[in-house]
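The values are calculated or read from the model by the stated rules, or taken from the named source; none is laboratory data. These figures come from a predicted structure and were not determined experimentally. Cβ atoms come from the backbone with ideal geometry, glycine included; neighbour counts cover every protein chain shown.
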Amino acid sequence: MNKETNHLLLVVISVLLFSACGPLEAVPAPTEAPELIATENPTDMPTGVPVEGSAPESFSSYIGLSYPPFPASLTQDLSMLIQNKDGYGLSLVSDGTSKMLWLNKIIQYDADGNPSWEVRDVLALSDLGAGLTLIPDGCLLNGVPDSEILVAARNGVVVLAWRANTTLDQFEVVAADGIRCNSDKAMNIN
């Protein structure tokens with residue numbers, strides 16, 4: 001075969017191959033984050049799960065802290081308002097080696113309308129185990145949206161759940177049964 005015939009044969013084979021694969025279409029990007037399902041018997045349950053009112057001593061010193069200014073020794077990785085809970089928010093904070101979640105309350109506004117916050121409770125996150133993802137919002141309890149529920153999940157399964165109880169100003173451990181979450185704010189804890 002000569003060079004022109006080889007080229008023509010290659011073009012015909014390519015056209016046949018592409019036509020056999022069907023039309024080329026863009027794959028639509030997912031519009032929602034994957035839903036996390038609670039399970040009654042999660043695997044690899046971390047040890048040392050925090051219980052109500054048990055901020056570790058090293059973190060309990062932050063309870064009552066007012067800011068700004070934010071402590072120079074800490075970094076704030078996430079800050080968000082709790083939906084439908086007037087003046088309450090969550091902050092994911094790191095001291096370089098440990099991560100914690102703060103339950104915050106707005107205590108005043110300055111002349112420019114900027115809020116001042118007070119830490120009401122602290123939830124230690126670093127000792128929960130590897131491979132966990134924090135879902136700080138977008139959860140439903142028994143099919144009803146609950147803006148105070150936050151979870152730690154692994155591979156799409158809710159492993160631990162808490163309530164940021166704005167009435168008592170503290171985090172409470174809650175059962176994962178009946179909790180489903182769908183959030184675009186999911187982030188790795190470790």
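Observations
- Of all residues in segment 72-86, exactly one satisfies the criterion of being farther than 18 Å from Leu134 by Cα, without any contact (Cβ under 8 Å) to a residue 24 or more places away in the chain and surrounded by 13 or more Cβ atoms within 10 Å (Cβ to Cβ), namely Leu74.
- Selection from segment 159-179 of residues that are in a strand (DSSP E or B) and either without any contact (Cβ under 8 Å) to a residue 24 or more places away in the chain or in contact with a Cys (Cβ under 7 Å, 6 or more places away or on another chain) (or both): Arg163, Asn165, Ile179
- Residue in segment 115-126 that is out of contact with any strand residue (DSSP E or B) (no Cβ under 6 Å at 6 or more places or on another chain) and of a type outside the set (Gly, Ala, Ser) present: no
- Residue selected from segment 113-140 under the condition outside any strand (DSSP E or B) and aliphatic (A, V, I, L, M), by the criterion nearest to Thr167 (Cα to Cα): Leu125
- Filter pass, Asp137 being surrounded by fewer than 22 Cβ atoms within 10 Å (Cβ to Cβ) and at pLDDT below 95: no
- If you go through segment 142-158 and pick out every residue that is more than 16 Å from Met80 (Cα to Cα), in contact (Cβ under 8 Å) with a residue 60 or more places away in the chain and not in a strand (DSSP E or B), you end up with 1.
- Residue in segment 96-112 that is assigned to a strand (DSSP E or B), modelled with pLDDT of 95 or more, β-branched (Val, Ile, Thr) and more than 19 Å from the chain's Cα centre (by Cα) present: yes
- Any pair with Cβ under 9 angstrom, 6 or more apart, that starts in segment 115-133 at a residue that is under 22 Å from Glu148 (Cβ atoms) and touching a residue at least 40 places away in the same chain (Cβ under 8 Å) and ends at one that is among the acidic types (Asp, Glu) and outside any strand (DSSP E or B): Arg120/Asp169; Asp121/Asp169
- Segment 153-176, residues that are of a type in the set (Gly, Ala, Ser), modelled with pLDDT under 95 and under 18 Å from Lys99 (Cα atoms): Ala153
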